[in-house]
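The values are calculated or read from the model by the stated rules, or taken from the named source; none is laboratory data. Predicted model, so just to flag it, every value in this text is computed and none were measured. A quick note on method: Cβ atoms are made from the backbone with ideal geometry, for glycine too, and the neighbour counts reach across all protein chains shown. Note: areas computed on protein heavy atoms with side chains; ligands, DNA, RNA excluded. Shrake-Rupley method; radii C 1.70, N 1.55, O 1.52, S 1.80 Å.
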Amino acid sequence: MTDSHNSGQHKDREAAAAEVRRMWQPTPSWTQPDPNPAPTTPPPPPPAQKPPVSSQATPDPEEVEEEAVEEEQPDALSQEFPGDSWSQPAETPKATPDPWTQQPAAEPAAESWTNQGAESAARSKEPAADPWAKSAGYEPTGEAWTRSSEPAGDPWTQPAQESAQPAGPQPQLSPAAQHFFPQGIPGQGAPQPDRQVSYRADELLQALPLPREAPAEKGVRSVLRLRPGTSERLERIARATAATAFRRPVTVTIANPKGGSGKTPTTLLLAGALGQARGGGVVAWDNNELRGNMHLRTHDTNSRSTVTDLLQAMQMLTQPDARLGDVGAYLRHQVSGQYDVLTSATTTYAQIEAKDFDQIHRLLSRFYKVLVIDTGNNEGSSNWREAMKASDVLVIPIKWKSLSCAAAVQMLEELDHQGPDAQRLIRRAVIAVSNGPGDVNKEVEKQLRPYFESRAAAVVDIPTDPHIAAEGPLDHSALQPATRRAALELAAKVAEQITIALNVPR
């Protein structure tokens with residue numbers, strides 16, 4: 001009784017596996033059945049004593065095979081097992097095999113598993129005998145799982161085929177197959193969703209690895225090809241900030257009504273630092289209404305022309321075909337700082353008005369990216385006020401002396417009453433402290449530094465430099481390293497405030 005029960009479970013398991021292989025495996029089965037199976041269980045009784053179809057979950061191909069053999073040789077089976085009816089109930093109709101487990105009779109039954117000799121014979125179009133074939137008298141009709149719809153070569157000599165996922169809806173398993181495969185068919189998992197790949201340029205650029213930091217250029221680190229130190233790294237950041245590409249020409253105004261507060265040296269230091277960081281495109285303009293002293297603090301490289309000569313040639317320079325070289329003929333080019341200089345008049349008979357400022361400002365904005373304007377000492381002059389209106393950033397040079405700081409405080413209070421634009425200009429202001437020898441009053445610095453830090457955006461200290469104190473032409477290559485670093489820091493702070501100003505609508 002136990003052997004029969006185990007045999008029935010074995011047949012159900014084999015039937016479920018046969019169904020799964022037939023439904024999902026495009027390649028032939030690897031299992032080779034025994035060509036001469038020995039009966040391990042008693043053969044089924046005569047057809048009149050077989051159980052009904054409803055009593056079996058799924059017809060077993062081996063039972064169908066035994067039924068076919070029984071129909072061909074009924075006498076031999078009945079003589080071998082006379083009167084064995086204990087395993088089936090009496091007077092039950094014959095079970096009809098399920099047609100979907102069999103293949104049509106007209107379909108050619110080619111063996112799916114062949115040896116190397118059969119494959120080579122098939123290539124030469126000559127029939128070859130299958131050494132694994134069964135005898136002619138034993139040809140079961142229900143052995144559907146050992147055959148395929150088309151002949152296949154030897155799976156050991158052919159490359160493995162990729163199992164293709166079904167494109168359409170997957171068929172459901174029968175109850176017998178679901179009993180042995182409760183988790184679904186092995187290898188037939190749920191299709192994975194396609195991963196969304198982004199091809200946006202900004203995302204691809206962000207995914208790129210950052211360039212390696214260049215080695216140090218100064219000191220022992222440069223000899224050993226090491227990374228730069230903290231000081232050199234900060235200097236590189238300031239240089240990159242000063243070289244910011246602005247979306248339009250910008251104007252920086254240097255103003256303090258007190259004479260001798262360092263307006264002209266601060267203008268040249270800032271213009272040179274911006275010119276070296278940006279590689280040119282910077283002009284320093286002496287916007288004094290009468291006579292300034294920028295022509296005394298710069299090198300006379302190629303021209304003695306002044307703003308008066310530029311105004312006389314304005315009609316020619318404003319033509320559509322005017323070029324930078326035409327304007328450069330009236331300017332002084334400073335080689336060490338990589339910037340140009342427009343000096344003020346050297347006589348007192350030609351005073352610059354507001355309309356003159358507007359013409360010069362439009363002309364220089366056409367050919368230069370950054371305009372650094374030095375102003376005079378008269379806050380009431382029209383060109384001084386026009387410079388304030390055109391400014392993107394205000395730089396206030398001071399010395400830690402009572403008169404210099406008092407004039408700057410009075411100017412800030414006056415601008416604070418000129419409206420919202422002037423108030424925004426104060427908030428974006430940068431204080432440049434440039435002290436000469438003996439100009440520092442510690443008590444004044446203690447009292448007024450907190451005030452300037454609260455009103456302005458930044459305070460930059462420029463150390464005392466003998467080259468600036470000599471009051472001659474300012475050469476950037478002759479400055480001390482600390483002075484050049486301070487000038488670069490001033491340029492970086494100004495560039496930051498320009499960026500803020502450009503993001504705020506005027």
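Looking at region 222-259, which of its residues are exposed (fewer than 14 other Cβ atoms within 10 Å of the Cβ), over 32 Å from the mean Cα position of the chain (by Cα) and not hydrophobic (A, V, I, L, M, F, W, C)?
Ser222, Gly259 - these are the residues of region 222-259 that are exposed (fewer than 14 other Cβ atoms within 10 Å of the Cβ), over 32 Å from the mean Cα position of the chain (by Cα) and not hydrophobic (A, V, I, L, M, F, W, C).
Matching residues to (1) within 29 Å of Ala390 (Cβ to Cβ); (2) not aliphatic (A, V, I, L, M):
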position	(1), (2)
Met411	yes, no
Gly419	yes, yes
Arg428	yes, yes
Ala432	yes, no
Lys442	no, yes
Glu445	no, yes
Tyr451	yes, yes
Ile468	yes, no
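Does Pro320 count as within 27 Å of Ile396 (Cβ to Cβ) and open to solvent by 10 Å² or more (accessible area, probe 1.4 Å)?
Judged against the criteria, Pro320 is not a match.
Conditions tested, residue by residue: (1) loosely packed, with under 14 Cβ neighbours inside 10 Å; (2) modelled with pLDDT of 95 or more; (3) over 17 Å from Ala271 (Cα atoms).
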{"position": "Gly436", "(1), (2), (3)": "no, no, yes"}
{"position": "Val440", "(1), (2), (3)": "no, no, yes"}
{"position": "Glu443", "(1), (2), (3)": "yes, no, yes"}
{"position": "Arg455", "(1), (2), (3)": "no, no, yes"}
{"position": "Val460", "(1), (2), (3)": "no, yes, no"}
{"position": "Ala470", "(1), (2), (3)": "yes, no, yes"}
{"position": "Ser477", "(1), (2), (3)": "yes, no, no"}
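Determine whether Leu268 is among the aliphatic types (A, V, I, L, M), open to solvent by 30 Å² or more (accessible area, probe 1.4 Å) and within 43 Å of the chain's Cα centre (by Cα).
no
Go through (1) over 21 Å from Ala255 (Cα atoms); (2) open to solvent by 20 Å² or more (accessible area, probe 1.4 Å); (3) in contact with a helix residue (DSSP H, G or I) (Cβ under 8 Å, 6 or more places away or on another chain) one by one and return the number of the condition Gln447 breaks.
(3)
Among the residues of region 205-232, write down those that are within 18 Å of Arg485 (Cβ to Cβ) and not basic (Lys, Arg).
Ala216, Glu217, Gly219, Ser222, Pro228, Gly229, Thr230, Ser231, Glu232
State whether the residues of region 469-481 include one that is in contact with a Pro (Cβ under 7 Å, 6 or more places away or on another chain) and part of a helix (DSSP H, G or I).
Yes; the residues of region 469-481 include at least one that is in contact with a Pro (Cβ under 7 Å, 6 or more places away or on another chain) and part of a helix (DSSP H, G or I).
Residues of region 245-272 being modelled with pLDDT under 95 and of a type in the set (Ser, Thr, Tyr), which ones?
Ser261
Limited to region 424-444, what total is found for residues that are farther than 24 Å from Thr251 by Cβ, without any contact (Cβ under 8 Å) to a residue 40 or more places away in the chain and outside any loop (DSSP other than H, G, I, E, B)?
Final tally of qualifying residues: 1.
Do we have any residue at all in region 272-287 that's surrounded by 24 or more Cβ atoms within 10 Å (Cβ to Cβ), part of a loop (DSSP other than H, G, I, E, B), among the polar types (S, T, N, Q) and touching a residue at least 24 places away in the same chain (Cβ under 8 Å)?
Within region 272-287, none of the residues are surrounded by 24 or more Cβ atoms within 10 Å (Cβ to Cβ), part of a loop (DSSP other than H, G, I, E, B), among the polar types (S, T, N, Q) and touching a residue at least 24 places away in the same chain (Cβ under 8 Å).
Given (1) at pLDDT below 95; (2) within 46 Å of the chain's Cα centre (by Cα); (3) farther than 30 Å from Gln338 by Cα, identify the lone condition not met by Glu414.
(2)
So, in region 447-503, exactly how many residues are aliphatic (A, V, I, L, M) and more than 25 Å from Ala240 (Cα to Cα)?
4
For region 299-309, state whether one or more residues are in a helix (DSSP H, G or I) and open to solvent by 30 Å² or more (accessible area, probe 1.4 Å).
Yes, there is a match, as at least one residue in region 299-309 is in a helix (DSSP H, G or I) and open to solvent by 30 Å² or more (accessible area, probe 1.4 Å).
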